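Since the structure comes first, as C-alpha cells, the remarks are kept for the end.
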Amino acid sequence: METRQIYADHAATTAVSDEVLAAMLPYFQTNYGNPSSIYALGRENERAVMDARARVAACLGAQPSEIFFTAGGSESDNWAIKGAADALAAKGKRHIITTVFEHHAVLHTCEFLEKHGFEVTYLPVSPEGLVTAQQVADAIREDTALVTVMYANNEIGTIQPIAEIGQICRERGVWFHTDAVQAVGNVPIDVKAQNIDMLSLSGHKFHAPKGVGALYIRKGVRIPNLIHGGGQEAGRRAGTENVPGIIGLARALEIATQDIEGKIAYLTPLRDQLIDGILKIDQTRLNGSREARLCGNVNISIVGVEGESLLLLLDGFGIRASSGSACTSGSLDPSHVLLSLGLIHEVAHGSLRLSFDRDLTQEDVDYILDTIPKVVDRLRGMSPMWETICKEGKRLV
Ligand SMILES: *Cc1c(COP(=O)(O)O)cnc(C)c1O
C-alpha cells in the first residue's frame, strides 16, 4: 500500500501554485526586460510591475504608492522596525513596544536595537496566546516610537486584536507595524480601516515563490530608504526588480484573498475535528485560543513525547508537520512562543504544529487521526520520562 502524503506545514512554506507559476513563466524567458530600460521589452515589464503593485494594494485596501516589494517577510520586518526607530530617534523617541512571542525577524531586530540605545517593552501574552489593546495602551509612553504586534502567530495561530491596537496607536500618535505574514489569506485585511501604518507580508506563505514579499508603508510615515542605489521602488529599495517574483506575489495574493470566508467555513470544522481527535490522547493540551485562531492551525503539546522524534515518525507515515517554528528546529531550546504561554519545558518539547490550506480533505483528517495515536503510543513506550510520569501518577497538563 502506498502511504498517503500529507503536507501539514503550510505555516513554514507553501508550494507555488500552478496558476501562480503560469503567471510568472513568461517573465523568465520571454518578457525578461529590465523595467528601467527604454525599449518596449523593458517598458512592458515596468507596466507589469506597476500593475502588480496596484493589485497588491487593492487586496490590502492600500494605495499602490504605499506598496514596496522586498525579498520577503524578514526583510519587511527589519525595514519597518529599524526604519521607524531611525526616523523617530531623531525626535528623541527611543521606546518600542512589541510582544514576547513575535517571530524572530521582529524579536531579534528589537534586540539589535536595544544594543543601540533603544528601550523595548515586550508585552506578555495570556495563557491563550493573546495580547489586548489595553496592554498596548498602558505601555505607550511619551517617547514611544513604534508598536509592532504580529497579526497571527506562526506557531499557535492566535489572531491578535489588530484593529483595536491600530485605533489606540492612531489616537496616541504612535506608529503601528504588524507582521501579517501568517494572516494574509486567512483573515480579511484592510490597512485603512484597521489603522495599520506598516504591514509585512511574504509570498511563500501563500503560494508565491520564496524570496519575495512586500512592506506596506502608509503615506505620511517617513522611514529611511532600505537599499541605496537605483530608483526602483520609488528609490526606497534599490535593485533591479524581481519581476517574476513580483508578478507571482500579486497573482497569489489575489487568489489567497478572494474567498477567505469560504476557506474559513471549509477548514474550521476539519481543524476542530483534528484538535478534538488529538486531545482524546491522555495528557495533551491545545496551545493557543480555539476561537481567535487561524482556520488552518493546530498546535498541541503531547506529554511524554519528544517533538523531533514525533516529526520523524510522522514523516515515515507521509505526514510533514512541525514542532515549534522551522527557523528554530535544529536547536534544542523549546519554542519561545510555547514558553510564553507558561508551558514548562517538558511540555513545550513535545509539541506538534499542523498547518493546512484548502486542499486538506476529510480523508486526510481521518488518516492523521488514525496515525498520531499509534505514533504517540510507540514513542511513549520508549520514553523513560513517560514511564516516570505514569509510575508517579503525575499530570503535566
Ligand atoms: C515566515 C515568517 C516570517 C519570515 O518570512 P520570510 O519571507 O521567510 O523571511 C516572518 N514572520 C512570520 C510570522 C512568519 O511566519
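Since every read-out is calculated from the coordinates, none of them should be taken as a lab result. Quantities reported herein were computed from a predicted structural model and do not represent experimental measurements. Methodologically, a virtual Cβ is constructed for each residue, glycine included, from the backbone with ideal geometry; neighbour enumeration extends over all protein chains shown.
Here are a few things to note about the model shown:
- Scaled against the 2.2 N^0.38 Å expected of a compact globular protein of N residues, the Cα radius of gyration of region 253-292 reads 1.50.
- Built from the Cα atoms of region 152-287, the convex hull projects on average onto 10.6 nm², one quarter of its surface area.
- Overall dimensions of region 185-233, expressed as equivalent-ellipsoid semi-axes from the Cα gyration tensor (√(5λ), whole Å, largest first), are 21, 19, 6.
- Counting only DSSP beta bridges with both residues in the chain, the antiparallel share comes to about 50 percent.
- Estimated FRET transfer efficiency when R0 is 25 angstrom, pair V100-V397 (beta carbons, to 0.05): 0.75
- Separation of the D138 and E346 label points, Cα + 7 Å toward Cβ, nm: 3.2 nm
- Considering only Q182, I159, P209, the residue lying farthest towards the positive end of the dipole of region 151-213 is P209, judged by Cα position with unit charges set on Cβ.
- Reach of K280 by Cα under 16 Å, taken over lysines that are not fewer than 8 positions away in the same chain: K374
- For region 212-265, average projected area of the Cα convex hull in nm²: 5.0 nm²
- GNM result for the chain, Cα springs below 10 Å: residue of I227, I168, I368 fluctuating most strongly: I227
- All aspartates and glutamates inside 20 Å of K91 as judged from Cα atoms, apart from same-chain residues fewer than 8 positions distant: E114, E119, E142, D143, E171, D197
- Using a Gaussian network model of the chain in which every pair of alpha carbons under 10 angstrom is joined by a spring, one finds that among S76, S37, S200 the greatest mean-square fluctuation is at S37.
- Using every pair of separate Cα atoms, the Kirkwood estimate puts the hydrodynamic radius of the chain at 22.1 angstrom.
- Rel. contact order, % - alpha carbon contacts under 8 angstrom, at least six apart, region 188-259: 27 percent
- Under 27 Å from K93, Cα to Cα: lysines that are on another chain or at least 8 residues apart: K82, K115, K192, K219
- For the chain, calculated [θ]222 nm from helices alone, where every DSSP H run of n ≥ 4 adds -39500 (n - 2.57): -12500 deg cm²/dmol
- Local electrostatic count, A8, Cβ distance below 13 Å [Lys/Arg +1, Asp/Glu -1]: -1
- What the pair-distance distribution of region 89-235 shows, using all Cα-Cα distances binned every 5 Å from zero, is 2, 9, 18, 22, 22, 16, 8, 3, 0, 0 percent.
- Each Lys or Arg adds one and each Asp or Glu takes one away; over the other residues whose Cβ falls under 14 Å from the Cβ of Q134, this sums to -2.
- Theoretical FRET efficiency, 1/(1+(r/R0)^6), r = Cβ-Cβ of E308 and A15, R0 22 Å, to 0.05: 0.35
- Each 10 Å bin from zero up to the one holding the largest Cα-Cα distance in region 1-122 carries the following percent of pairs: 10, 25, 28, 22, 13, 2, 0.
- Across G318, G231, G342, mean-square fluctuation computed from a Gaussian network of the chain (C-alpha pairs under 10 Å connected) peaks at G231.
- Estimated inter-spin distance, D276 and E128, nm [label 7 Å along Cα→Cβ]: 2.0 nm
- Neighbour net charge for A71 - beta-carbon separation under 12 angstrom, K R +1, D E -1: -2
- Along its first, second and third principal axes, ordered by size, region 330-372 spans 34, 22, 21 Å in Cα coordinates.
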